[in-house]
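Enquirer: Provided herewith is a single structure, encoded as structure tokens, for subsequent inquiry.
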Amino acid sequence: MSVREEFDDWAAEGRDKGMEDRHWHTAKYALARMPVEAGDVVLDLGTGSGYAARALRDTKGAGRAYGLDGSPEMAHNADGYTDDRRVGFLVGDFDHLPFADDSVDHVFSMEAFYYANDPRETLAEIRRVLAPGGTFFCAVNYYEENVHSHGWQDNIDVEMTRWSAREYREAFRDAGLHVAEQDNVPDREIEIPDASAFPTDDWDSRAAMVERYRELGTLLTVGVAP
Ligand SMILES: C[S@@+](CC[C@H](N)C(=O)[O-])C[C@H]1O[C@@H](n2cnc3c(N)ncnc32)[C@H](O)[C@@H]1O
């Protein structure tokens, strides 16, 4: 199944907003750390509901915020969630970014990068469009060290790439990006019930849920264009 078919269905079912609610728990910390200055051009890859593009306009004064998504329905919904004419949504693929060389100041992506058809090509594209000193804030919950995410591929027909933290760093460097930092952003908002509630439908033990959310959380890798 293509990205378009899979995620158009998600958008039609309202899952774009559901993702926004969950991902905001950690995405907001990554967004707050982005060195966006007033007037900058920012790009959110795999924008979903478009919350990151809206947040970078609202909280950092980005001059222009683009959200790109391979699903026309996602982009259409995102467009309907804002009246800000400096926030725009595009349909496109990570492997062919519709931007000129050196034209974007900062790129963000939450829970989307690993769906790239060719993640190394996507990194090359990000490197190409980033202006010197520009950053790529790449946030993922699906990664090798997060053993709790390993079964996710079984639930979706789009091929996913499961890199380790080290593989992210190496791929960023191979693409010509400096790795400025990499860390795990814990999700402190998801409610974790008392031990007596376990096992639940989703979790065998409280310890596993604590590890998934409070300890592993979201892997954030920050690349900087030279
Ligand atoms: C799991 S959702 C995350 C959405 C949003 N970033 C969030 O945090 O809620 C992944 C999004 O990436 C988009 N996507 C996946 N692969 C893509 C690709 N190769 N090119 C463009 N968009 C893609 C999907 O359509 C979907 O909207």
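The values are calculated or read from the model by the stated rules, or taken from the named source; none is laboratory data. Just so it is clear, the model here is predicted, and its values are computed rather than measured. Every residue, glycine as well, gets a Cβ built from its backbone with ideal geometry; the counts of neighbours run over all protein chains shown.
Enquirer: Looking at the structure I just gave you, is Asp204 part of a loop (DSSP other than H, G, I, E, B), loosely packed, with under 14 Cβ neighbours inside 10 Å, out of contact with any Ser or Thr (no Cβ under 7 Å at 6 or more places or on another chain) and at pLDDT below 95?
Expert: It is false that Asp204 is part of a loop (DSSP other than H, G, I, E, B), loosely packed, with under 14 Cβ neighbours inside 10 Å, out of contact with any Ser or Thr (no Cβ under 7 Å at 6 or more places or on another chain) and at pLDDT below 95.
Enquirer: Out of the stretch 30-50, which residues are touching a Leu at 6+ places or on another chain (Cβ under 8 Å) and within 13 Å of the ligand (Cβ to nearest atom)?
Expert: Once the filter is applied, which keeps residues that are touching a Leu at 6+ places or on another chain (Cβ under 8 Å) and within 13 Å of the ligand (Cβ to nearest atom), the stretch 30-50 yields Ala30, Leu31, Leu43, Asp44, Leu45, Gly46, Thr47.
Enquirer: Specify which of the listed residues (Gly14, Gly46) is on the phi > 0 side of the Ramachandran plot and in contact (Cβ under 8 Å) with a residue 40 or more places away in the chain. Steps first, please.
Expert: Values: Gly14 fails: in contact (Cβ under 8 Å) with a residue 40 or more places away in the chain.
One residue alone meets the criteria, Gly46.
Enquirer: Another one. Can you pull out every residue in the stretch 80-105 that is loosely packed, with under 14 Cβ neighbours inside 10 Å and within 20 Å of Arg15 (Cβ to Cβ)?
Expert: The one that is loosely packed, with under 14 Cβ neighbours inside 10 Å and within 20 Å of Arg15 (Cβ to Cβ): Gly80.
Enquirer: Considering every residue within the stretch 51-58, establish whether at least one is in a helix (DSSP H, G or I), in contact (Cβ under 8 Å) with a residue 60 or more places away in the chain and either closer than 20 Å to Arg188 by Cβ or more than 13 Å from the ligand (Cβ to nearest atom) (or both).
Expert: Let us first name the residues in the stretch 51-58 that are in a helix (DSSP H, G or I), namely 51-58.
Subset that is in contact (Cβ under 8 Å) with a residue 60 or more places away in the chain: none.
So far as the stretch 51-58 goes, no, none of its residues is in a helix (DSSP H, G or I), in contact (Cβ under 8 Å) with a residue 60 or more places away in the chain and either closer than 20 Å to Arg188 by Cβ or more than 13 Å from the ligand (Cβ to nearest atom) (or both).
Enquirer: Another question, then. If Gly14 meets every condition in (1) more than 10 Å from the ligand (Cβ to nearest atom); (2) crowded, with 19+ Cβ neighbours inside 10 Å; (3) modelled with pLDDT under 95 apart from one, which number is that one?
Expert: Every condition holds for Gly14 apart from (2).
Enquirer: Could I ask something else about it? Given the conditions (1) among the hydrophobic types (A, V, I, L, M, F, W, C); (2) in a loop (DSSP other than H, G, I, E, B); (3) out of contact with any Leu (no Cβ under 9 Å at 6 or more places or on another chain), report the number of the one that Trp10 does not fulfil.
Expert: (2)
Enquirer: Here's another thing I want to ask about it. I'd like the full set of residues that are near the ligand (Cβ under 10 Å from one of its atoms) and touching a strand residue (DSSP E or B) at 6+ places or on another chain (Cβ under 8 Å), limited to the stretch 59-73. I'd like the intermediate steps shown before the answer.
Expert: Going through the stretch 59-73, the residues near the ligand (Cβ under 10 Å from one of its atoms) turn out to be 67-73.
Within the stretch 59-73, Gly67, Leu68, Asp69, Gly70, Ser71, Pro72 qualify.
Enquirer: Looking at Gly176, is it surrounded by 14 or more Cβ atoms within 10 Å (Cβ to Cβ), in a loop (DSSP other than H, G, I, E, B) and modelled with pLDDT of 95 or more?
Expert: Yes: the conditions hold for Gly176.
Enquirer: Sticking with this one: Residues being in a strand (DSSP E or B), of a type outside the set (Phe, Trp, Tyr) and either in contact with a Ser or Thr (Cβ under 9 Å, 6 or more places away or on another chain) or surrounded by 17 or more Cβ atoms within 10 Å (Cβ to Cβ) (or both): count how many of those fall in the stretch 107-140.
Expert: Taking the stretch 107-140 and keeping what is in a strand (DSSP E or B), we get 107-110, 130-140.
Remaining after also requiring of a type outside the set (Phe, Trp, Tyr): 107, 109-110, 130-135, 138-140.
Imposing the further condition that a residue be either in contact with a Ser or Thr (Cβ under 9 Å, 6 or more places away or on another chain) or surrounded by 17 or more Cβ atoms within 10 Å (Cβ to Cβ) (or both) reduces the set to 107, 109-110, 130-131, 134-135, 138-140.
Selection size over the stretch 107-140: 10.
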